[in-house]
Each structure stands twice: as C-alpha cells, then as structure tokens.
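Take this structure first; my questions come after.
Read-outs throughout are calculated quantities, based only on the coordinates presented, and are distinct from any laboratory measurement. Note that this is a predicted model, so its numbers are computed, not measured. Every residue, glycine among them, receives a Cβ derived from its backbone with ideal geometry; neighbour counts consider all protein chains shown.
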Amino acid sequence: MRNIKQILVAPWFPYAAPFVTFILLTFCSSQWPEAAHFGYGIKTVIVGAMLIAYRRHYTELRWSASLTNWLIGIGVGLITLWIWVAPENLLAPLMFGKATGFNPHSFGLADSGVCGLIAIRLIGAAIVVPIMEELFWRSFLLRYLIDSDFKQVAIGSFRLASFVVVAIVFGVEHFRWIVGIAAGLIYGGLLIWRRDLFTCVLAHSITNLGLGIYVLKTERWIFW
C-alpha cells in the first residue's frame, strides 16, 4: 500500500498516467475493432479528464499570446503534416504491419452519429493527444533522461542522448515509424529552440488537426 501511495504522489505520475492509460485503452480497443468508435470516445474522455484533474502539476505548460510562437507553431505543424503524408507510398513497405485506419462511416451509425464520431475523433486528435504526448515525451521524458529530478531541469534543456532517445521511441510508438521519428526530431528541436512547451503542443495540434481535415477531404482513412 505504501508503494502505491508513493507512486501516486511521485512527480512523474501526472505525466505518465494519462499516457499509459491512453496506450492501454488503445490496446483494449484494438481487440474489438467493431467497437473502435466506442473505444476512441471512452479513452478521449478518460484521458482528457485526467489531464484536467492533474492540470496544476503542469506549470510549464502556459498559454502563449506571442504572435511569433503562434506563427512558428502553425508553420512547424504544417511542415510536419506534409512530412507525415507525402512519403506514404515510398515508405509503406517499411511500416510496422498493415494500416487499418478508422472509417467513421463503417460502424452503421446514422448521419448524426457519424458527425458526432468525427467531432470526437478531431477533439481527441487535435486537443487531447497533443497535450498528453507533449507533456509525456517533451516535458517529462526528455528532462527525466537528463536528471531523474526532472522538475529541476529547465524546459528546452538539450542533451544529445535524451533528445535522440525520445525522438526514436516517440517514432516507433507509431505505425509510420520513420516519419514518426522525423516528427519527434522536429517537435523536440522546436522545444529546444523556443523553450516553450505551448508552441510544441500547438505544432502537434496543427499537424493532427490538419491530418484529420486531409483524411475527411480525401477519405484516405488509413491515416486515421
């Protein structure tokens, strides 16, 4: 019991818990693909609620009104989106497994249900996932690999080993691991350059939102 309490109050727990929960719920959802729409909605709500509950711990994530940060974040997000989509045919043979995608029209829902599902998917991808992942990868793990007392490490601190490890592990977490590593290098580089986690979250959000819009316009569901 004491060990459990120590884990719950550990400085890293608010960063790791939402991420681990998301991964576990994603795995559970993959076991019942016919109910993937329920699974995505459930994990989006649960992880979003966890981020709200732990928000006081994320003192390094502050809203930025800087026009420069916004322009850079949007620009980097769009560049990363292009890198994610453009080499698909070239890199497809090197990807992990086979893409299945997420087609909101494949679950037999009415039009209103499909619209609701698309909205939840976009909210999860463009808001919940960027906040969760940037807090875990770029705020927690990048600093933790420099010093286990990561809260004492300034945001944007650079050590080659932690920078490369985080980018690689972030990449292989994704089906498209090559472009995933590229995205990890870009987001990590952005953090080191700007020393502002909000700009990284913004860039990640723009990438994911842009990808969602691209998928809806082209119906290339394999990107979802």
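Please turn the phi angles of the stretch 76-86 into ³J(HN,Hα) values with the Karplus equation 6.51 cos²θ - 1.76 cosθ + 1.60 (θ = phi - 60°), one per residue in order, whole Hz, x for glycine and proline.
5, x, 5, 4, 5, 4, 4, 4, 5, 9, 4
For a protection proxy built on the mean count of beta-carbon atoms within 10 angstrom, sort 196-207, 79-90 highest first, please.
Values: 196-207: 24.6, 79-90: 15.2.
Taking the mean over residues of other Cβ atoms within 10 Å, the ranking is 196-207, 79-90.
If I model a spin label at Ser106 and Leu91 as a point 7 Å from the Cα along the Cα→Cβ vector, what separation in nanometres do I get?
2.2 nm
Between Gln152 and Arg220, what is the spin-label point distance in nm, taking each point 7 Å from the Cα along the Cα→C-beta axis?
4.8 nm
Angle between the Cα long axis of helix 160-172 and the longest principal axis of the chain, 0 to 90 degrees, nearest 10?
With rounding to tens, the tilt is 20 degrees.
Mean separation of Cα pairs under 8 Å and 6+ residues apart, divided by the residue count of the chain: what relative contact order is that in percent? Working shown, then result.
Working: 233 pairs, mean separation 64.2, N = 224.
Relative contact order comes out at 29 percent.
Where does each of 216-224, 184-192, 130-138 land if you order them by average Cβ count within 10 Å, highest first?
Details: 216-224: 13.8, 184-192: 21.8, 130-138: 23.4.
Listed from highest to lowest mean packing, they are 130-138, 184-192, 216-224.
Next question, about the same structure. Starting from the Cα of Lys5, draw a straight line to each of the lysines and keep only those under 22 Å, dropping any in the same chain fewer than 8 residues away.
The qualifying lysines are Lys151.
A further question follows. Going by alpha carbons, how many degrees (0 to 90, nearest 10) lie between the helix axis of 36-53 and the longest principal axis of the chain?
20 degrees
Related question: Rounded, prolate or oblate: which one fits the stretch 17-134, using the alpha carbon gyration tensor with axes a ≥ b ≥ c (rounded when a/c is under 1.5, else prolate when a/b beats b/c, else oblate)?
On the way: a/c = 1.68, a/b = 1.20, b/c = 1.41.
Oblate is the answer for the stretch 17-134, as a/c is 1.5 or above yet b/c matches or exceeds a/b.
Here is a further query. Given 10 Å bins starting at zero, what is the percent of C-alpha pairs of the chain in each, up to the one with the largest pair distance?
8, 31, 37, 19, 4, 0
Whole angstrom only: what separates the Cα centroid of the stretch 12-41 from the Cα centroid of the stretch 162-204?
What the calculation gives is 21 Å, centre to centre.
Tell me, what ³J(HN,Hα) does each residue in the stretch 182-189 have, in order and in whole Hz, if you take phi through Karplus 6.51 cos²θ - 1.76 cosθ + 1.60 with θ = phi - 60° and put x for Gly and Pro?
Once rounded to whole Hz, the list reads 4, 5, x, 5, 5, 5, x, x.
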